[in-house]
Amino acid sequence: AILDVRWSNACNLMCVYCNPFDSSLWAKKEKFPLLTKRKDYYTNIIEYLRNNSQNLKTVSLIGGEPLLIPQCGELLSILPEDIEVHVITNLSLDLTNNPVYNILSKRQHVRWSVSLENVNQQFEYVRRGASWNQLTHNLDLLLELEKNMGHGIDIHAVLNILSLFNFEKIVEFSLAKRIKIICQFLEDPKELDLRNFPKDIVKQVQEKVLNI
């Protein structure tokens, strides 16, 4: 079984295509409340894990930003070592004293999906509040965990019009780092969804990527 855990929308970024339901910074800007589960939800999840961990194969930590959510650390502290932890993260926090990262770095069965579809200044434009230098430094830390602890890493790219014409750069980056890319289409807002654009535009990008 796979357990999908989403504690809240707490996030350190305000990505241009995100929304108040997935980012607390967008929620603050739009005057939405911070979305958190009731206290008994936390208690029930922890209790479920205590009683049913033998039936679990993977626990997915999703946000908001899971490295920013304290409950993820509490969950990890009771999770058996043989269960895989899948983390979907923007990887833009300073990891030096991050308690959730420090726990994950000591586990063996961890798979990281890093949300990333642009590089350099375009990355910082789309993912407001992030630093490209911090991101690449953190990726190098994950590559060390891949080497020493057997962690898995992939780049989770959300394809949209803001990444379309520079997509070959993230492909080149992933090839240089030897990290595979997993792509999905952005569905909302519809104005940025590539499937709403002329096919010849998407074909241009496909040809650029194939020629790398």
Of all residues in the range 91-105 being in contact (Cβ under 8 Å) with a residue 40 or more places away in the chain and open to solvent by 10 Å² or more (accessible area, probe 1.4 Å), which is nearest to T58 (Cα to Cα)?
S105
Considering (1) under 15 Å from L67 (Cα atoms); (2) among the acidic types (D, E); (3) in contact with a strand residue (DSSP E or B) (Cβ under 6 Å, 6 or more places away or on another chain), say which one D94 fails and leave the rest.
(3)
Those residues of the range 52-73 which are surrounded by 18 or more Cβ atoms within 10 Å (Cβ to Cβ) and either of a type in the set (S, T, N, Q) or farther than 16 Å from V110 by Cα (or both) amount to G63, G64, E65, L68, I69, Q71
Selected residue [surrounded by fewer than 16 Cβ atoms within 10 Å (Cβ to Cβ), aliphatic (A, V, I, L, M) and within 24 Å of I62 (Cβ to Cβ)] from L116, L141
L141
Give the residue that is surrounded by the most Cβ atoms within 10 Å (Cβ to Cβ), with candidates limited to residues of the range 173-190 that are touching a residue at least 12 places away in the same chain (Cβ under 8 Å) and more than 22 Å from L145 (Cα to Cα).
L186
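The values are calculated or read from the model by the stated rules, or taken from the named source; none is laboratory data. In this text the structure is predicted, and so the values were computed from the model without any measurement. Counting neighbours? That spans all protein chains shown, and the Cβs are built from the backbone with ideal geometry, glycine included. Side chains are part of the model used for accessible areas, which takes the heavy atoms of the whole protein and leaves out ligands, DNA and RNA. Shrake-Rupley method; radii C 1.70, N 1.55, O 1.52, S 1.80 Å.
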